[in-house]
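Only one structure is covered here, and it is reproduced in the block below.
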Amino acid sequence: MIILSIESSCDDTSVALVKADEGTFEILAEKTASQIEVHKKYGGVVPEIAGRCHAENILPLIDEVLTNQPKPDVIAVTSGPGLITGLMVGVEAAKTLSYLWNVPVVSVNHIEGHIHSVELQDTRDKIQTNTKYPISNIQYPALALIASGGHTELILMNKQGQYERIGATKDDAAGECFDKVAKLLGFDYPGGPKISKFAETGNPNAIKFPRPMLKENNLDFSFAGLKTSALYWLRDNTLPLGKGEREGVDQRLSTSPTPPFQGGEISVADFCASFEQAIIDVLVGKTLKAIEKYQPKTVILGGGVAANKKLRETLIEEVKNASPVSYVLCPTSGYAMDNAAMIAIAGYYHATKNNFTPWQKLTANPNWEISDNITI
Ligand code: KG4
Ligand code: ZN
């Protein structure tokens, strides 16, 4: 089966052609147009601009991906959740191609794509085409922690295609919290990777940031308070930042009282390491609670924040200690961030069950919750 997949739910327009055959997935071609440079100057994704960029990029990308390749048997497209301005571009492109080629369409939930991104993992850390990945390396019941710029969710799957959201953030997503605090430090969007880079050489115990909701007896998250703690710390202390970075912090704190600079021993790396550790402790702590309760055979870590090396290492280590029945699957880091290949893989499972949506009925749903739907 050859699947053409389209992802346009946020700030990446991504198209892939994936062959599912003889027990493996093979990425025949893939192209992604990132909008990071466009959104950088606004400090975050601007939906109106994102929609326009997706509309400009989608057809050239599809054309490039299909050059010298076989015609697809199936089209898989992200229909939600995400920005409506982006989703509509991908969905309308999929509908048009379905109509023209008479090829069936699968509607894929973006979170479901991140869950299946772990089927794109091997020992290498690079994206390569023509690499074969084994189909169905997930054993059920499985538990997924999906942490990205828009989502922080724990999802239980008792079998393939059955999703129950057992925990979610009450306010900011983990990636959003990384990005907002990075902005306070004067780092460009998206700031998560920059914080984790600085954190590598810092002391994670230098600042005692709160671990919101960690002790509460539920599987939900909250990161808005942690962001505020980081803001207050920066207001009340000083970091030895570079000239441009200091200006960035001062500008963003201009509504707060003048910082009583205390000097001190704490470096930017220490701040980043302490902040990152607080997020990791909460994400891992809640996942361990869920493991205890549901005893999954596989633990999946997906979403852009899954690119964080320390989060991966900590989760793998803690799961090993906590629950011998579980093992952890993470995507090859190039596939942690939004990409179309993961949408093809999630789409494959629907296609094998003839779970197609006639193009006339296909719509974008920006609020599509994974539990709402898709038992196949
Ligand atoms: O999944 P994704 O590409 O887009 C959404 O669906 O939101 O995730 C992007 C998010 C951003 O918030 C980005 O800062 C975060 O993933 N991210 C990281 C790292 N790499 C990306 N956060 C922490 N550490 C990283 N290394
Ligand atoms: Zn995503």
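The values are calculated or read from the model by the stated rules, or taken from the named source; none is laboratory data. The shown structure was predicted, so the numbers you read here are calculated from the model rather than taken from an experiment. We place every Cβ from the backbone using ideal geometry, glycine too, and count neighbours over all the protein chains shown. To get the accessible areas, we keep the full protein, side chains included, count just its heavy atoms, and leave off ligands, DNA and RNA. Shrake-Rupley method; radii C 1.70, N 1.55, O 1.52, S 1.80 Å.
Report, in order of residue number, the helices in the chain meeting two criteria: a C-alpha extent of 24 Å or more along the helix axis, and a mean Kyte-Doolittle hydropathy of at least -0.5; treat each whole DSSP H run as one helix.
Those that pass (Cα extent of 24 Å or more, hydropathy at least -0.5) are 47-66, 84-101, 268-294.
For the chain, with only Lys/Arg (+1) and Asp/Glu (-1) charged at the beta-carbon, what is the dipole magnitude about the Cα centre, in debye rounded to 20?
So the dipole magnitude of the chain works out to roughly 400 debye.
Can you tell me the accessible area per residue over region 160-218, all protein chains present, probe 1.4 angstrom, in square angstrom?
Value returned for region 160-218: 48 Å² of accessible area per residue.
Probe of 1.4 angstrom, ligands and nucleic acids ignored: what's the accessible area per residue over region 273-376, in square angstrom?
39
Pick from Thr201, Thr78, Thr152: which residue has the top mean-square fluctuation in a GNM of the chain where Cα pairs under 10 Å get a spring?
Per the Cα network of the chain with a 10 Å cutoff, Thr201 tops the list.
Within straight cross-link reach of Lys289, meaning Cα distance under 17 Å, which aspartates and glutamates are found once same-chain residues fewer than 8 apart are removed?
Partners found: Glu153, Glu164, Glu216, Asp220, Asp281, Glu317, Glu318.
Grab the other residues whose beta carbon is less than 11 angstrom from that of Leu156, score K and R as +1, D and E as -1, and report the net.
My count for the surroundings of Leu156 gives +1.
For n ≥ 4 DSSP H runs only, could you compute -39500 (n - 2.57) per run for the chain, divide by its residues and tell me the 222 nm figure to the nearest 500?
-12500 deg cm²/dmol
Measure off, as a whole percent, the carbon and sulfur share of the 1.4 Å-probe accessible area of region 83-241, all protein chains present.
Reported share for carbon and sulfur atoms: 50 percent.
What is the antiparallel percent of DSSP beta bridges lying wholly in the chain, to the nearest 5?
Antiparallel bridges make up about 60 percent of those DSSP assigns within the chain.
What aspartates and glutamates could a cross-link reach from Lys361, if we take a straight Cα to Cα line under 13 Å and drop same-chain neighbours fewer than 8 places away?
Glu92
Considering just Cα atoms, how many Å³ per residue does the convex hull of the chain enclose?
Value for the chain: 133 Å³ per residue.
Excluding same-chain pairs closer than 8 in sequence, count the lysine pairs in region 98-234 whose Cα atoms lie under 23 Å apart.
21
Determine ³J(HN,Hα), in whole Hz, for all residues of region 3-13 in sequence, where each value follows from phi through the Karplus function 6.51 cos²θ - 1.76 cosθ + 1.60 and θ = phi - 60°; x replaces Gly and Pro.
Result, rounded to whole Hz: 10, 9, 10, 9, 10, 8, 7, 9, 10, 10, 9.
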